[in-house]
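So the structure is just underneath, and the comments pick up after that.
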Amino acid sequence: MKRIMALASCLLLTACAPSFGEPEEIVQETEDESKEQAIIPKYNISDSYYKMILPFKEGEARGLVTERLNTRLDIDEFETGLMRIAQSTFSTENYLYQEGQYLKEDTIRSWLSRKLTGERLEKAQKDAKDEDETFSNLGLNPPESTAKTEDERNEESPIYLAHMLEHNYLIRKDESTVELGGVVIGLALNSVHYYRQEAGYPREREIDRKELQAQGERIAQEALTRIRSTKGLEKVPIVFALYEQEAKSSIVPGNFIASTVVKENSNSVGGWESIDEEYFFFPSPEGTEAYRDDATMFNRFKTDVDEFFPNYTGVIGKAYYKDGEFQELKIEIPMQFYGKAEVIAFTQFATGKVMEYFPDYISLEVNITSTSGQEALILRKPGQETPTVHIYK
């Protein structure tokens, strides 16, 4: 593991681990009304994250998300973004996080399938009967189109729901006991319909945002009815959030587009609140068109790096916007490594340009890397006057 050397003007790290204090032992009440011993860590790394119950309990549908979403970018944003949305209803101060413990993997798989009708339904029922099983037609995706030709059926039969993710939020019942206080359900929706023509040629078409959201709202209402029949989830508040995942070829993640809060004891999904979130890469035509001033600011930073240090392979930035406001920028600078002195000089130069060009109201992260791994890291939180800089050696 690389040791860390901090620049003199920044935070100095010591070799000793910080003292997090003694953990708190509590009792967790579970869905089957049993009680389990658990621990709440004393230390929380940030107010932006929830404390998590220990020992860590894996979700019942653990790993399914990697099968169902298109890219690692979408996987990360879907999971962490869902926690971000949860904070509007379940505060990090009063609630603890736990992976979903109620919706089983088999249940979610069956809900992600397509609703069957006609001959397909009859065949599925017959196959189940031959195996002495009962077929449950639980798919939340709409039935296949009844168009005349196979090409038309393929084109008109998108799979809208790609994945469903459950998060549990626990709250104190008394000083030594916690119980389920709420659930957040993320519905990941496909923005692109991939299909094949009868001749085997791959095709794709974008799914209109209004069409996608309408399907997501329908799916949420049907899922709520089923969730309320799940033991332990009959009464708790439930937040639904709709996530529009990007195309398979995208270099940025998708984003959440709407959410709603179902109050405790309610069996009906009410009004939906729009979520305005976007990701853009700089430099890119899309980023320049959407936020020209920010793109120009980034390009100036990039030009200065180009002119001062030729030994690198490019500068790219991923920008996050919420409600049209610049919130976060992550910059990647891969460089050719010729010695530690050059890394230090390069990092000092980049830090100066960060302070010169980028506003202090955004969260900023600059990663300087080589083929050997991470070489330096520049961090600045909103409102922080001087960045925190680390040189790895």
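Every number in this text was worked out from the coordinates using simple rules, so none of it is lab data. Just so we're clear, the structure is a prediction, and the values are computed from it rather than from any experiment. Because the Cβ atoms are built from the backbone with ideal geometry, glycine has one as well, and the counts that use them run over all protein chains shown.
Observations on the model:
- Cα long-axis angle, helix 340-357 against the chain (0 to 90 degrees, to the nearest 10): 70
- Distance in nm between pseudo-label sites at Ser266 and Ala290 (7 Å out along the Cβ direction from Cα): 3.0
- Part-to-part distance (alpha-carbon centres) for the stretch 194-247 and the stretch 340-377, which is given in Å: 40
- Rough spin-label spacing in nm, given labels placed 7 Å along Cα→Cβ, for Arg84 and Glu179: 3.3
- In the chain, the longest principal axis of the Cα atoms and the axis of helix 72-86 are about 80 degrees apart.
- Exposed-site-free run, longest, the chain (rule: chymotrypsin sites (Phe, Trp or Tyr not before Pro); DSSP loop; at most 11 other C-beta within 10 Å): 57-337
- Here the alpha carbons of the chain define both size measures, Rg and Dmax, at 24.6, 74 Å.
- Reachable lysines from Lys173, criterion Cα separation under 27 angstrom, eight or more residues apart if same chain: Lys35, Lys42, Lys51, Lys57, Lys104, Lys231, Lys235, Lys263
- Straight-distance crosslink candidates among lysines, where the alpha carbon sits under 29 Å from Lys340 and sequence neighbours closer than 8 are dropped: Lys2, Lys302, Lys318, Lys330, Lys353, Lys381, Lys393
- When you work out D = kT/(6 pi eta Rh) for the stretch 328-393 at 25 °C and 0.890 mPa s, using the Kirkwood radius from C-alpha pairs as Rh and the Stokes-Einstein form, the result is 204 µm²/s.
- Amide H to amide H distances under 5 Å link Glu244 with Leu189, Asn255, Phe256, Ile257, where only residues 5 or more positions off or on other chains count and H is placed in the peptide plane.
- Axis of helix 292-308 versus longest Cα principal axis of the chain: the two differ by about 50°, to the nearest ten degrees.
- Computed [θ] at 222 nm, deg cm²/dmol, the chain (DSSP H ≥ 4; -39,500 (n - 2.57); rounded to nearest 500): -8500 deg cm²/dmol
- Whole-number percent relative contact order across the chain, with pairs defined as alpha carbons under 8 Å at least 6 apart: 13
- Modelled label positions at Glu144 and Ser229, each set 7 Å beyond Cα in the direction of Cβ, lie 2.6 nm from each other.
- Taking amide H as placed 1.01 Å from N in the peptide plane, Lys173 has its amide H under 5 Å from the amide H of Val178, Glu179, each at least 5 places away in sequence or on another chain.
- Placing unit charges on the Cβ atoms only, positive for Lys and Arg and negative for Asp and Glu, gives the stretch 26-275 a dipole magnitude near 300 debye about its Cα centre.
- Top of Glu77, Glu356, Glu234 by mean-square fluctuation, Gaussian network on the chain, Cα under 10 Å: Glu356
- Per-q log10 I(q)/I(0), the stretch 280-392, q = 0.10, 0.11 Å⁻¹ (Debye; single scatterer per alpha-carbon; no solvent): -0.27, -0.33
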